[in-house]
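Below you will find the structure I want to go over with you.
The values are calculated or read from the model by the stated rules, or taken from the named source; none is laboratory data. What you see is a predicted model, and the numbers here were worked out from it, not measured in a lab. Glycine also receives a Cβ, built like all others from the backbone with ideal geometry; neighbour counts cover every protein chain displayed.
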Amino acid sequence: MLLNILTFQFPGASLKEKISLQYRQLAFLISTDLSVVEGLAMLIEQCKDRRTLRVLMALKRALVTEHYDTDTPVAFPSYYNHALVFILKQENHNEKIAAFLHEIADKLDDSSEITKRALSAMTYPFMLFIMAIMITSVLLIFVIPVFEEMFFSFGSSLPMPTQIILSISKALLINKHFFLAGIIIIVIVCCKLKRFFLTLFTYIPLAGSILKNISLLQFTQYLAVMLKIKTPLRQAVLYSAFAVDNPIFANKFKNMTDSLDKNMNLSDAMKETGVFPNILTQVAALSEKSQSLDKILKHISKYYEKLINSSLYNLTIIYNITTILVIGFIVGFLVIAMYLPIFTMAGGL
């Protein structure tokens with residue numbers, strides 16, 4: 001979710017709301033002792049929206065597959081994952097699965113709301129940034145060359161800022177086709193190197209903290225449900241790791257299964273990842289002894305949810321301020337560089 005916001009890739013909020021409604025309806029159907037597959041079949045039969053239908057049909061295919069392959073990526077990772085498929089495949093847990101579907105629906109609604117808030121907050125500075133780029137490009141290509149002829153008529157050397165702007169203007173005029181091609185290539189490379197940007201954002205203080213908290217939220221949320229339906233610990237950890245969107249943290253969580261294979265406690269396996277805070281590993285150690293780990297993890301996931309919402313609000317404010325400052329610097333430097341020779345000439349009169 002956060003990476004989509006940071007890289008300006010916004011999934012359709014309306015579709016998330018529709019899938020959320022389908023999950024709530026499915027929860028109601030299976031609470032009446034229908035199987036999950038039967039409930040999905042009823043929803044598919046009455047669904048009229050084409051995009052929603054594709055998600056439901058893909059989920060149903062995953063559920064009826066006898067030998068489910070977790071190495072194959074799911075068709076619509078924004079709306080379901082391997083962990084959800086595993087939970088829905090469980091039998092004799094209809095009441096718990098129905099409750100979990102309501103939680104997933106709430107999560108989709110929250111994600112949709114966060115996306116809307118982020119879009120609303122970032123639209124103004126983003127459009128301002130685009131307008132600044134367009135205006136600056138027009139000035140550099142069409143206006144600056146006119147100033148250049150006037151400046152050289154002064155017969156004196158130009159200030160360094162003005163020389164820099166004139167050099168950039170000449171470079172754009174001569175290589176404008178390469179410039180446009182370069183922008184297109186950069187956009188394509190950014191889309192292809194999603195993992196690289198995930199790694200990069202992980203080491204940026206505020207963004208990295210949010211990405212980490214989102215991964216911890218997803219992991220603890222699914223692990224709590226897995227343990228609640230009596231899933232073996234190793235399997236619960238593995239499938240909960242599949243629910244984590246960030247592949248960097250997901251791999252660290254999957255590595256916990258190697259520690260569990262060595263008869264290590266869950267709390268010790270959590271310490272080895274270097275991701276979990278000390279307080280969380282200590283709580284996990286105490287919960288293992290009292291057999292209440294699933295309840296504690298559920299409370300922890302709610303804490304991380306509130307923490308993420310607060311952090312996203314702060315990140316949005318920082319993003320807006322930074323964007324405006326950068327635009328002000330670029331435009332200010334351009335204006336000063338163009339008028340500096342005029343001021344210099346006026347001062348010499």
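Of everything in the stretch 219-235 that's farther than 20 Å from residue 273 by Cα and of a type in the set (Lys, Arg), which residue is surrounded by the most Cβ atoms within 10 Å (Cβ to Cβ)?
The residue in question is 228.
I've got another one for you. Which of the residues spanning the stretch 262-288 are within 29 Å of the chain's Cα centre (by Cα), without any contact (Cβ under 8 Å) to a residue 40 or more places away in the chain and not in a helix (DSSP H, G or I)?
274, 277
Out of the residues in the stretch 296-349 that are among the small types (Gly, Ala, Ser) and closer than 24 Å to residue 132 by Cβ, state the one that is modelled with the lowest pLDDT.
Top of the filtered list is 337.
Report the residue count in the stretch 303-313 for those that are loosely packed, with under 13 Cβ neighbours inside 10 Å and over 11 Å from residue 213 (Cα atoms).
Of the residues in that region, 1 qualify.
Counting only residues that are small (Gly, Ala, Ser) and in a helix (DSSP H, G or I), which one in the stretch 74-114 is modelled with the lowest pLDDT?
111
Still on this structure, please answer the following. Quick check on this structure: which one of 196, 242, 179, 154 is aromatic (Phe, Trp, Tyr) and modelled with pLDDT of 75 or more?
Unique residue meeting the criteria: 242.
Might you let me know whether the stretch 35-49 holds any residue that is modelled with pLDDT under 80 and either under 27 Å from residue 211 (Cα atoms) or in contact with a Lys or Arg (Cβ under 9 Å, 6 or more places away or on another chain) (or both)?
No, the stretch 35-49 has no match at all.
Still on this model: Within the stretch 21-47, take every residue that is not in a helix (DSSP H, G or I) and not charged (D, E, K, R) and give me the one that is surrounded by the fewest Cβ atoms within 10 Å (Cβ to Cβ).
Residue satisfying both the conditions and the ranking: 32.
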